[in-house]
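Student: After the C-alpha cells below, expect a handful of questions from me.
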Amino acid sequence: MNLANKVGVEAMKKDVLSITDLSRGEIYELLKSATDLKEKRKAGEPTEFLKNKSLGMIFEKASTRTRVSFEVAMTDFGGHALYLNSNDIQIGRGETIEDTARILSGYLHGLMARVMSHETVVKLAEYSTMPVINALSDQEHPCQILGDFMTILEYKQHGFEGLKFAWIGDGNNVCNSALLGSAIMGMEFAIACPKGYEPKAEYLEKARALGGKFTITDDPKVAAKDADVIYTDVWVSMGDEAEQEKRLKDFASFQVNAELLGAAKPDVIVMHCLPARRGLEITDEVMDGPNSVIFEEAENRLHAQKALILKLMR
Ligand code: CP
Ligand code: NVA
C-alpha cells in the first residue's frame with residue numbers, strides 16, 4: 001500500500017530545479033495564473049487551495065524575498081510553511097541529503113531549498129516523493145525569473161518575442177536562469193560582463209540548444225543599446241565573498257546608471273533581483289527613477305511562486 005502510494009506520487013511529481021524544467025507553454029500558463037492570483041489577492045478573495053498542505057523551506061543561505069514570499073503564499077492558500085535553516089536541522093550535523101529527502105517526504109507536500117551547491121537540490125529532488133523547487137543555487141534561480149517574466153509582461157504587453165534583454169553584470173545564477181528563460185520565451189539576450197565573468201560554457205550551450213539568440217560583450221553600452229530590459233544583480237553573490245575586493249575592481253565600469261540608460265530604448269524597464277548594493281551595481285537615481293520596475297518585480301515573486309506551488313502541490 002505504502003509502496004503503491006509512493007510509486008503513484010513519484011509518477012506524478014514535478015520538480016522545478018531549472019527554468020528549463022518548464023516549457024514555454026507552461027511558463028505562459030504560470031504567468032496567467034500568477035496574474036489571476038494577484039488580482040484575487042488585491043480583491044481580498046479567498047484562495048484556500050492548499051488547505052492542510054505543508055511546504056518545507058530549507059535555507060543554506062540568507063533570504064528576505066524568497067523566504068517571506070513563499071511563506072505568505074502558503075498562508076494565502078490556507079496551508080503552512082516551515083522555515084528550516086540548514087544549521088538548525090540535522091542536515092547541518094551530517095544527516096545525509098538522501099535521508100532528509102526521504103524523511104521530509106513523509107511529512108510534507110512540497111519542498112523548496114536554497115542551497116550552496118546545485119547538486120544538493122538535484123539530490124533532494126531525486127530522493128523526495130514530493131515536488132522540489134530550487135529557491136536559488138549557485139547555478140540557477142528559476143523562481144526569480146518567473147517573477148521577472150511576469151513583470152516584463154505587465155510592461156511589454158505584446159509579449160517576449162522581439163524584446164532585447166540586456167544583462168549587465170556577473171554571469172551568475174540569476175544570469176543563467178535569465179539566459180535560459182529568454183531562450184525559451186524568444187527574447188534576445190545581451191550580456192555585458194568583464195572578461196572571465198561570462199556564464200559557464202554549459203549554460204551558453206544549453207541556451208543555444210534552446211534556440212536562444214545571445215551576445216557577450218565587455219562593453220555595457222553595446223549590450224544596453226536599444227534594450228527593452230536592463231537587468232543587473234550584485235557583483236558579489238552569496239558564496240563569492242572571498243573575491244569581493246577583486247570583483248569590485250573588475251566590475252567598476254559595469255554600473256547601471258543614467259548614462260547607461262541613455263543607450264537603451266526610452267521605455268526601457270530596469271530590473272534587479274535584489275538585494276541591491278546601491279551605489280555599486282546600480283545608482284539610487286536609476287533604482288528610484290521612472291524606468292525602474294524593481295519594487296513591482298519584488299512583489300511579483302509572491303504571485304509567480306503562488307502559481308508555481310499551486311501547479312506542483314495542488
Ligand atoms: N531575489 C531574492 O531571491 O531575494 P532574497 O535573497 O532576499 O530571497
Ligand atoms: N546572485 C545573487 C542573487 C541573490 C538573490 C546571489 O546568489 O547572491
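The values are calculated or read from the model by the stated rules, or taken from the named source; none is laboratory data. Every value quoted in this text rests on a predicted model; they were computed, and no experiment measured them. Here the Cβ is made from the backbone with ideal geometry for all residues, glycine too, and neighbour counts use every protein chain on show. These accessible areas exclude ligands, DNA and RNA; they are computed on the full protein's heavy atoms, side chains included. Shrake-Rupley method; radii C 1.70, N 1.55, O 1.52, S 1.80 Å.
Student: Please determine, by comparing only the residues of region 125-145 that are away from ligand 2 (no atom under 16 Å from the Cβ) and of a type in the set (V, I, T), which one is most open to solvent (accessible area, probe 1.4 Å). Outline the logic, then answer.
Tutor: Just the residues of region 125-145 that are away from ligand 2 (no atom under 16 Å from the Cβ), to begin with: 125-132.
Of the ones still in play, those that are also of a type in the set (V, I, T) are 129, 132.
Values: T129: 23, V132: 0 Å².
Across region 125-145, the extreme among qualifying residues is T129.
Student: One residue is enough: does region 182-191 have a residue meeting the conditions open to solvent by less than 10 Å² (accessible area, probe 1.4 Å), within 16 Å of ligand 2 (Cβ to nearest atom) and farther than 25 Å from P266 by Cβ?
Tutor: no
Student: Can you name the residue in region 31-79 that is away from ligand 1 (no atom under 16 Å from the Cβ) and of a type in the set (V, I, T) and is also farthest from S137 (Cα to Cα) among such residues?
Tutor: Step by step, filter region 31-79, then rank; the result is T47.
Student: Considering only region 220-230, I want to know if a residue exists there that is surrounded by 20 or more Cβ atoms within 10 Å (Cβ to Cβ) and within 15 Å of ligand 2 (Cβ to nearest atom). Steps first, answer last, please.
Tutor: Looking only at region 220-230, we keep the residues that are surrounded by 20 or more Cβ atoms within 10 Å (Cβ to Cβ), and these are 220, 223-224, 227-230.
In the following step, the residues that additionally are within 15 Å of ligand 2 (Cβ to nearest atom) were identified as none.
For region 220-230, residues surrounded by 20 or more Cβ atoms within 10 Å (Cβ to Cβ) and within 15 Å of ligand 2 (Cβ to nearest atom): absent.
Student: Let me ask you something else. Quick check: anything in region 146-159 within 12 Å of ligand 2 (Cβ to nearest atom) and within 12 Å of the chain's Cα centre (by Cα)? Explain how you work it out, then say what you get.
Tutor: Taking region 146-159 as the starting set, the residues that turn out to be within 12 Å of ligand 2 (Cβ to nearest atom) are 147-148.
Filter once more, keeping what is within 12 Å of the chain's Cα centre (by Cα): 147-148.
Checked against the condition, which is being within 12 Å of ligand 2 (Cβ to nearest atom) and within 12 Å of the chain's Cα centre (by Cα), region 146-159 yields at least one hit.
Student: May I pose another question? Can you spot a residue in region 257-269 that is part of a strand (DSSP E or B), in contact with a strand residue (DSSP E or B) (Cβ under 8 Å, 6 or more places away or on another chain) and within 17 Å of C193 (Cβ to Cβ)? Write out each step before concluding.
Tutor: So in region 257-269, the residues part of a strand (DSSP E or B) come out as 269.
Next cut, in contact with a strand residue (DSSP E or B) (Cβ under 8 Å, 6 or more places away or on another chain) only: 269.
From the residues that got through so far, the ones that are within 17 Å of C193 (Cβ to Cβ) too are none.
Scanning region 257-269, I find no residue that is part of a strand (DSSP E or B), in contact with a strand residue (DSSP E or B) (Cβ under 8 Å, 6 or more places away or on another chain) and within 17 Å of C193 (Cβ to Cβ), so the answer is no.
Student: Take region 282-314 and flag every residue that is over 28 Å from V16 (Cβ atoms) and touching a Lys or Arg at 6+ places or on another chain (Cβ under 7 Å).
Tutor: Within region 282-314, D284, M287 qualify.
Student: Quick one: what pairs do we get from region 283-300, first residue touching a residue at least 24 places away in the same chain (Cβ under 8 Å), second small (G, A, S), C-beta under 6 Å, 6+ apart or different chains?
Tutor: Once the first residue is touching a residue at least 24 places away in the same chain (Cβ under 8 Å) and sits in region 283-300, its partners that are small (G, A, S) give E285/A258; N300/G147.
Student: I've got another one for you. Listed residues A263, A252, A298, A304; which is small (G, A, S) and open to solvent by less than 10 Å² (accessible area, probe 1.4 Å)?
Tutor: Working: A263 fails: open to solvent by less than 10 Å² (accessible area, probe 1.4 Å); A252 fails: open to solvent by less than 10 Å² (accessible area, probe 1.4 Å); A298 fails: open to solvent by less than 10 Å² (accessible area, probe 1.4 Å).
Criteria check complete, one pass: A304.
Student: Which residue, of A34, A11, is at pLDDT below 95, closer than 30 Å to A209 by Cβ and more than 16 Å from ligand 2 (Cβ to nearest atom)?
Tutor: Details: A34 fails: at pLDDT below 95.
When all the criteria are applied, what remains is A11.
Student: Considering only residues that are more than 22 Å from K221 (Cβ to Cβ) and more than 15 Å from ligand 2 (Cβ to nearest atom), look in region 160-179 and name the one that is least open to solvent (accessible area, probe 1.4 Å). Steps first, please.
Tutor: Let us first name the residues in region 160-179 that are more than 22 Å from K221 (Cβ to Cβ), namely 160-161, 173, 176-177.
Next cut, more than 15 Å from ligand 2 (Cβ to nearest atom) only: 160-161.
Details: F160: 1, E161: 116 Å².
Across region 160-179, the extreme among qualifying residues is F160.
Student: Now for a different question. Among what's in region 279-288 and is more than 15 Å from ligand 1 (Cβ to nearest atom) and not hydrophobic (A, V, I, L, M, F, W, C), pick the residue that is most open to solvent (accessible area, probe 1.4 Å).
Tutor: So in region 279-288, the residues more than 15 Å from ligand 1 (Cβ to nearest atom) come out as 279-280, 283-286, 288.
If we keep only those that are not hydrophobic (A, V, I, L, M, F, W, C) as well, we get 279, 283-285, 288.
Values: G279: 48, T283: 27, D284: 83, E285: 129, D288: 94 Å².
Among those residues, the one meeting the criterion is E285.
Student: Given region 1-120, what helices (runs of 4 or more DSSP H) lie entirely inside it while holding 2 or more residues that are within 20 Å of E299 (Cβ to Cβ) and open to solvent by less than 80 Å² (accessible area, probe 1.4 Å)?
Tutor: Because the criterion is at least 2 residues that are within 20 Å of E299 (Cβ to Cβ) and open to solvent by less than 80 Å² (accessible area, probe 1.4 Å), the helices (runs of 4 or more DSSP H) in region 1-120 that meet it are 24-43, 65-76.
Student: Within the bounds of region 237-249, is there any residue that is open to solvent by less than 30 Å² (accessible area, probe 1.4 Å), farther than 20 Å from N134 by Cβ, more than 16 Å from ligand 1 (Cβ to nearest atom) and touching a residue at least 12 places away in the same chain (Cβ under 8 Å)?
Tutor: yes
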